[in-house]
1. Give, rounded to the nearest 20 debye, the magnitude of the charge dipole that the chain has about its Cα centre when Lys and Arg contribute +1 at Cβ and Asp and Glu contribute -1 at Cβ.
2. May I ask for the percentage of alpha-carbon pairs in the range 1-99 that lie more than 15 Å from each other?
3. Given the Cα-Cα distance of HIS53 and LYS146 and 0.36 nm per residue of separation, how much length would full extension add, in nm?
4. Between ASN67 and HIS45, what is the FRET efficiency for a Förster distance of 22 Å, r being their Cβ-Cβ separation, to the nearest 0.05?
5. According to a simple spin-label model (label point 7 Å from Cα along Cα-to-Cβ), what is the distance in nm between GLU280 and GLU304?
6. Write down the Å³ per residue value for the convex hull defined by the alpha carbon atoms of the chain.
7. What is the dipole size for the range 234-282, taken about its Cα centre, with +1 at each Lys and Arg Cβ and -1 at each Asp and Glu Cβ, in debye to the nearest 20?
8. Along each of the three principal axes of the Cα atoms of the range 237-315, give the extent in whole Å, ordering the values from largest to smallest.
Amino acid sequence: MTFSSNVREEIAHAPLKASCCRIAYLAAVLRGAGSLHLTGGGHAHAEIDVGSHAVGRQILTALREENVMCGLSAYTPERLGLHQRLQMVLAEDDASTRLLRRTGVIDDEGRPRLTVAPSLIARECCQIAVLRGAFAAAGSVSPPGKPAHLEIRTHGADFAALLATACDRLGIPVQMRQRERWAEVMSRRRESVQDLLTVLGAEGAALDVAEDEVVRSARGDANRRANFDNANLTRQVQAARQQTAAIAVLIESGDLAGMTPALRAAAQLRIDNPEMTLSELAEASGVSRPTLAGRLRRLIELAEAADEMGADRRLRP
């Protein structure tokens, strides 16, 4: 199962207690996974197609609690291989027609409604229910370890705007986008994805996302520290090699013997301990780190000067 399927399974186990929440949930399911067919006598024939058995059971429970009967069949689309889907066909009776009117799918005359009444999300519980139904019908979310991405598709921009409003009222920032054949609300912010999963009732999935963020952050800190230590070690090795080479030039030119005792002591200390860091050398010599660093820099400068003088002598005829 995919991570999105796991989220749908988790959401489907959260009960829909109030009638207003069931209507909001079913309205979202019909807008995201339903199709409407008009029939004679003022009735409408609606079908719901979902890919999760847990979601299907929750929809059936919600329909029964609203006294709506439906036929149920399972099928396996060829293009999806072994992934079985459920199709629910609402009965062509007064109860189904009343439900379609209450969910805002059709108007009082039995005609399809393209717009959605804002009263559908008047309460906070209904805002959560409509988001749960929309995700159960046509939502997807990237798994932990991947860049954060959550999206919910709908048949029209009006309902997508309603979902965005519901998220905004719950304090979760999302974006709405209009596509050629559908509209969607989405977010690529990890905090928004985690908050929305929590609101939907998928606390386990939200914890997985949060845990992945902690692991990624800890791994990033460890990599930064390792890179810093590696770069620092590289600089120390390069500095020690430069100092050792400079001292060798001074010995070869005979200039080291005429230098001050402090410079000769610093040179001997570096020659005897080529693997030590500057701090370790300073501790061994009994002088401060800046003082020893200054003496070693002075040795390098004198070596460069001696090397240039030697080159001039070699160039003279």
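Each reported figure results from applying straightforward, stated rules to the coordinates on display, with no laboratory input. All figures in this text were calculated on a predicted structure; none of them were measured in a lab. All Cβ positions, glycine included, derive from the backbone under ideal geometry; neighbour counts span all protein chains shown.
1. Here the size comes out at about 380 debye.
2. Details: 3078 of 4851 pairs.
Looking at the range 1-99, the distances longer than 15 Å represent 63 percent of pairs.
3. Details: separation 93, 0.36 × 93 = 33.48 nm, distance 2.63 nm.
Full extension from HIS53 to LYS146 adds 30.8 nm.
4. 0.80
5. Distance between label points: 2.7 nm.
6. Numbers: hull volume 74.1 nm³, N = 317.
Spread over its residues, the Cα hull of the chain gives 234 Å³ apiece.
7. The calculated dipole for the range 234-282 is roughly 120 debye.
8. Between the extreme Cα coordinates on each principal axis of the range 237-315 lie 43, 25, 19 Å.
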